[in-house]
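The values are calculated or read from the model by the stated rules, or taken from the named source; none is laboratory data. As the structure is a prediction and not an experimental result, all values here were calculated from the model. As a convention, Cβ positions derive from the backbone with ideal geometry for all residues, glycine included, and neighbour counts pool all protein chains shown.
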Amino acid sequence: MHNQPVDPDNLSQSAIEQATEHLDQRIVRALETAPKPQIPADFAARVANRLPARRPVSLTPTHYGPKATLAGMLVTLAVLLILALRPMGHATFGLLESLLSAQFIALAVWLSVWRHGLR
């Protein structure tokens, strides 16, 4: 039966059902069989050999964050000084001055914490 071609005209209904049942059993058996993992003995050594010896070091470290923070602090301080020298009677400018003061303090704290964290 393995080497014979399948001709639906020559097969009876029971033979087709039997062949289908046999095929279903083979499929289920193949799906239920768990594969056995095989890891070569030198696998860990090969992976370790592919890793770089040490982390590559940047030749030119950039300090964009601290420089931007310092520039933001200077601009905020300049605006605060301008607002303090020209007192305006509007509540909007008082709110603006309060927000800029809070921003100045937040930038100063962030810059000092960042610098202290590097040591």
Scan the stretch 62-78 residue by residue and report those that are outside any loop (DSSP other than H, G, I, E, B) and over 30 Å from F93 (Cα atoms).
Y64
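Kindly indicate whether L51 is modelled with pLDDT under 90 and among the aliphatic types (A, V, I, L, M).
Yes: the conditions hold for L51.
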Can we say L81 is without any contact (Cβ under 8 Å) to a residue 40 or more places away in the chain, out of contact with any Asp or Glu (no Cβ under 7 Å at 6 or more places or on another chain) and either in a helix (DSSP H, G or I) or not hydrophobic (A, V, I, L, M, F, W, C) (or both)?
yes
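Considering only the stretch 42-61, I want to know if a residue exists there that is part of a helix (DSSP H, G or I), touching a residue at least 24 places away in the same chain (Cβ under 8 Å) and not charged (D, E, K, R).
no
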Read through the list (1) at pLDDT 85 or above; (2) surrounded by 11 or more Cβ atoms within 10 Å (Cβ to Cβ), then give the number of the only condition that I39 fails.
(2)
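For the condition closer than 30 Å to V113 by Cα and surrounded by 10 or more Cβ atoms within 10 Å (Cβ to Cβ), what is the one hit in L59, L23, L96?
Sole residue among the options that is closer than 30 Å to V113 by Cα and surrounded by 10 or more Cβ atoms within 10 Å (Cβ to Cβ): L96.
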Failed item, numbered, when A15 is tested on (1) at pLDDT 85 or above; (2) out of contact with any Leu (no Cβ under 9 Å at 6 or more places or on another chain); (3) more than 30 Å from S101 (Cβ to Cβ); (4) surrounded by 10 or more Cβ atoms within 10 Å (Cβ to Cβ):
(1)
Flag if L111 is in a helix (DSSP H, G or I), touching a residue at least 40 places away in the same chain (Cβ under 8 Å), aliphatic (A, V, I, L, M) and surrounded by 12 or more Cβ atoms within 10 Å (Cβ to Cβ):
yes
Does the stretch 86-99 contain at least one residue that is at pLDDT 85 or above and not polar (S, T, N, Q)?
yes
